[in-house]
Amino acid sequence: MEELIEKLKKEVIEQLNLEEISPDDINPDSPLFGEGLGLDSIDALELIVLLEKNYGIKIEDPKDGKKIFYSIRTMAEYITEHKK
Amino acid sequence: MNLHITSYCQIHDKKVVVNDRFIFYMENFLNFADFLKAVYKQEAISYPKFFKMDSLSKLGFLATELVLREKPIGRYCSEEVGIVLSNASASLDTDIIHNDSVKDKSHYFPSPSVFVYTLPNIVIGEICIKNKIKGENAFLVSEFFDGTLFENYVQNLFINEGTAACICGWVELLGNNYNALSMLIEREENMEKTGNQPPWNLPFTAENLNQLIIRN
Amino acid sequence: MRPVYTIADNIITSLGFTTGENLASIENGCTGLKKVIDPLLYPEPVILSRVDQIKLNVLFEELLAKYDKKTPAAFYTRLEKMFLLSVADVLYQSKADPRDKRMILVISSTKGNIDLLEDRFKATFNHRRLYLWEMARIVASFFEFKNPPVIISNACISGLVAIITAARMIGNGRFDQAIVAGGDIASEFVISGFQSFQALSPVNCRPFDRDRKGLSLGEGSGALLLTSSPDDTAHQPVLFSGGSVTNDANHISGPSRTGEELALAISRAMTSAGISPTEVDYISAHGTATLYNDEMESKALDINVLNKVPVNSYKGYWGHTLGAAGVIESVSSIASLRNDRLYRSEGYENPGISVPLNVLRYHESKKLTTCLKTASGFGGCNAAIVFQKS
């Protein structure tokens with residue numbers, strides 16, 4: 001799980017063009033949206049693309065996004081559960 | 001009504017010029033994004049959203065930031081500042097990236113953060129967001145920069161549409177070809193006087209616009 | 001600024017190749033939106049409004065013959081054919097002379113010939129046609145326009161900005177007449193992009209409705225003739241009374257939450273027109289049927305005390321036609337004024353915005369003088385125009 005979390009941090013930074021942020025800056029349990037990384041609605045959609053592109057997981061209902069993308073850890077847990 | 005170009009920034013041919021002063025030059029860079037990043041860093045522009053922009057928006061954004069550094073528009077109300085930009089390639093540079101993401105049906109991943117930049121007026125959007133500009137705005141496309149069209153269009157904004165200051169210019173990018181000229185236009189009576197030296201300025205005429213784009 | 005009138009127009013969409021044909025279809029309650037299965041456009045079924053390909057080609061061949069052109073039809077792209085037919089119709093109605101140096105062509109398009117990026121077109125069309133100025137040049141040179149066309153590419157408000165630009169250039173005396181033409185095609189490029197935004201509705205779009213699930217895309221073209229002198233015309237001249245463009249300065253894809261900046265464009269357009277909100281008889285809204293646009297638009301109308309004025313969106317008939325939208329929806333709004341006829345906002349059943357609006361449920365006849373047309377687009381841009389019967 002920790003390995004996946006580190007991998008995810010790097011992927012999120014790359015997919016969302018978070019140029020000035022390093023993996024160490026991201027706390028896996030902190031909320032991704034709200035304060036912190038300052039992600040917006042386009043970033044939320046990009047995370048859906050990330051899941052599909054890198055892990056083959058398609059999110060059918062975008063409303064589930066809020067729970068899945070709450071933090072890096074919740075993302076990692078979702079991937080572990082659903083990865084094909 | 002006497003309008004003046006009170007500040008300009010041109011980014012072209014590996015260099016950045018502001019009001020006839022060379023402020024940046026980079027002989028070698030691997031790709032254009034590196035060049036823009038170097039300018040961003042040297043000029044200590046602190047705006048993380050910059051890195052989410054496509055290259056066209058980065059180019060137009062940077063050129064305009066440097067103009068507004070010279071001549072801040074804080075004293076104007078948001079609604080009375082306008083922005084009119086133009087280019088030849090619209091958003092083709094990013095269009096190609098989006099197209100590439102949907103060409104191969106076995107690897108089909110269109111990205112919203114790319115797609116949103118497949119409209120040339122987004123560069124106007126980015127500049128408006130950073131500088132809280134809410135007034136008249138438009139993006140025009142033409143094969144070459146049209147000083148006559150700009151003179152008529154922008155003058156009309158000042159005379160009839162409540163515009164008190166206007167950013168205008170040319171932001172062109174396709175692959176390795178880039179040329180950006182961003183200018184601030186103000187009324188003569190609103191020009192800031194700095195000490196004994198008259199600040200850099202040029203009367204806002206089609207002739208001066210057409211000359212400026214090839215000056216550097 | 002001298003008065004500016006519109007005296008001739010055209011609409012080309014799934015519902016017809018003239019303004020009259022489109023209005024007749026709308027009068028009969030037809031929608032051009034349908035489920036399309038075309039792997040060349042999108043891997044799954046998608047709701048679209050598409051122009052009849054066969055009829056487009058037949059009409060275009062007739063146009064070439066009429067203008068005695070030797071260039072084969074295959075030389076022209078699909079979008080160029082639409083533009084040419086729209087402009088030709090307006091020229092025919094008005095007898096205007098494109099070769100007059102006091103005439104300007106203003107083109108509105110968000111993506112132009114973007115389908116030419118696809119591999120299947122690489123061999124048939126020169127990549128120069130991807131440039132909007134080259135596409136515009138093809139259209140302009142067909143009719144021998146003297147002045148190089150002005151091209152607006154400003155997301156979904158392109159059409160309104162093009163009309164406003166043309167009207168201002170006539171108003172301040174730079175030109176005497178203008179043909180404003182807007183157009184965009186439904187393409188894999190655009191459909192895939194909007195899908196990545198999860199913005200497309202799985203059913204026909206439902207502007208302002210409680211159950212709306214996003215927008216539906218469409219394609220088409222349209223044209224308007226604007227002039228400073230409305231003599232010798234069959235149509236009743238309608239005035240372009242005022243127009244304004246603003247920016248939210250908030251987000252590049254999401255609209256402002258307050259609607260203040262669209263409200264500003266609306267109030268400026270009304271001030272330019274010298275009218276108060278009580279004089280607005282009808283509002284032709286942008287109404288894309290996304291959750292956020294319709295909500296924002298309702299707030300903007302409320303700020304201007306316009307929430308009781310009959311309002312509709314044409315997106316339920318034609319889909320969102322992007323660069324064509326501002327032009328064709330202005331044409332149908334102008335026709336509403338001329339005919340004293342309001343059209344139902346197709347797709348609307350139950351109110352779905354926090355500020356109640358008077359959304360038209362049925363077609364109705366009513367004396368109309370003044371119409372407000374609005375639009376908003378990616379990049380945070382907003383535009384509003386006031387049209388009035390003269």
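Quickly run through the stretch B:109-124 and pick out the residues that are without any contact (Cβ under 8 Å) to a residue 40 or more places away in the chain and within 7 Å of chain C (Cβ to nearest Cβ). Once the filter is applied, which keeps residues that are without any contact (Cβ under 8 Å) to a residue 40 or more places away in the chain and within 7 Å of chain C (Cβ to nearest Cβ), the stretch B:109-124 yields B:Pro110, B:Ser111, B:Pro112, B:Phe115, B:Val116, B:Thr118, B:Leu119, B:Asn121. With respect to A:Tyr70, is the statement that it is in contact with a Lys or Arg (Cβ under 9 Å, 6 or more places away or on another chain), at pLDDT 90 or above and among the aromatic types (Phe, Trp, Tyr) true? When the stated conditions are applied, A:Tyr70 does not pass them. Filtered by the rule that a residue be out of contact with any helix residue (DSSP H, G or I) (no Cβ under 9 Å at 6 or more places or on another chain) and open to solvent by less than 20 Å² (accessible area, probe 1.4 Å), the stretch B:22-67 gives B:Phe35, B:Ala63, B:Val67. Looking for whichever is more than 21 Å from C:Gly112 (Cα to Cα) and in a strand (DSSP E or B) here; the options are C:Lys70, C:Lys35. Which one fits? Checking each option against the conditions leaves just C:Lys35. Within 14 Å of another protein chain (Cβ to nearest Cβ) and among the small types (Gly, Ala, Ser): does that describe A:Gly34? Criteria not met by A:Gly34.
When B:Glu172 is tested against (1) buried (at least 16 other Cβ atoms within 10 Å of the Cβ); (2) within 14 Å of chain C (Cβ to nearest Cβ); (3) touching a helix residue (DSSP H, G or I) at 6+ places or on another chain (Cβ under 7 Å); (4) not aromatic (Phe, Trp, Tyr), exactly one condition is not met: (3).
Condition check for B:Phe158 on (1) at pLDDT 95 or above; (2) at positive phi: one failure, at (2).
Residues checked against (1) of a type in the set (Phe, Trp, Tyr); (2) open to solvent by 10 Å² or more (accessible area, probe 1.4 Å); (3) closer than 30 Å to B:Asp100 by Cα:
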| residue | (1), (2), (3) |
| --- | --- |
| C:Asn172 | no, yes, no |
| C:Gly183 | no, no, yes |
| C:Ala186 | no, yes, yes |
| C:Ser192 | no, no, yes |
| C:Phe197 | yes, yes, yes |
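This table checks each residue for (1) out of contact with any helix residue (DSSP H, G or I) (no Cβ under 7 Å at 6 or more places or on another chain); (2) part of a loop (DSSP other than H, G, I, E, B); (3) at negative phi; (4) open to solvent by less than 10 Å² (accessible area, probe 1.4 Å).
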{"position": "C:Leu262", "(1), (2), (3), (4)": "no, no, yes, yes"}
{"position": "C:His286", "(1), (2), (3), (4)": "no, yes, yes, yes"}
{"position": "C:Ala300", "(1), (2), (3), (4)": "no, no, yes, yes"}
{"position": "C:Lys308", "(1), (2), (3), (4)": "yes, yes, yes, no"}
{"position": "C:Gly316", "(1), (2), (3), (4)": "yes, no, yes, yes"}
{"position": "C:Glu329", "(1), (2), (3), (4)": "yes, no, yes, yes"}
{"position": "C:Ile353", "(1), (2), (3), (4)": "no, yes, yes, no"}
{"position": "C:Arg361", "(1), (2), (3), (4)": "yes, yes, yes, no"}
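Quick check: anything in the stretch B:102-116 modelled with pLDDT of 95 or more, under 17 Å from B:Leu184 (Cβ atoms) and of a type outside the set (Gly, Ala, Ser)? Within the stretch B:102-116, none of the residues are modelled with pLDDT of 95 or more, under 17 Å from B:Leu184 (Cβ atoms) and of a type outside the set (Gly, Ala, Ser). One residue alone among A:Gly56, A:Gly65 is open to solvent by 30 Å² or more (accessible area, probe 1.4 Å) and small (Gly, Ala, Ser), and that residue is A:Gly56. Within the stretch C:195-211, one or more residues are part of a helix (DSSP H, G or I) and out of contact with any Lys or Arg (no Cβ under 9 Å at 6 or more places or on another chain).
When the stretch B:182-216 is filtered for residues that are among the hydrophobic types (A, V, I, L, M, F, W, C) and either open to solvent by 30 Å² or more (accessible area, probe 1.4 Å) or in contact with a His (Cβ under 8 Å, 6 or more places away or on another chain) (or both), the ones remaining, listed by number, are B:Ile185, B:Met191, B:Trp200, B:Leu202, B:Phe204, B:Ile214. Against the test of being modelled with pLDDT of 95 or more, farther than 25 Å from C:Pro148 by Cα, open to solvent by 10 Å² or more (accessible area, probe 1.4 Å) and within 17 Å of the chain's Cα centre (by Cα), the options B:Ile97, B:Ile129 yield a single qualifying residue, B:Ile129.
The values are calculated or read from the model by the stated rules, or taken from the named source; none is laboratory data. Remember, it's a predicted structure, so these values are computed and weren't measured experimentally. Methodologically, a virtual Cβ is constructed for each residue, glycine included, from the backbone with ideal geometry; neighbour enumeration extends over all protein chains shown. Each accessible area value is taken on the protein alone, full model and side chains, heavy atoms only, with ligands, DNA and RNA left out. Shrake-Rupley method; radii C 1.70, N 1.55, O 1.52, S 1.80 Å.
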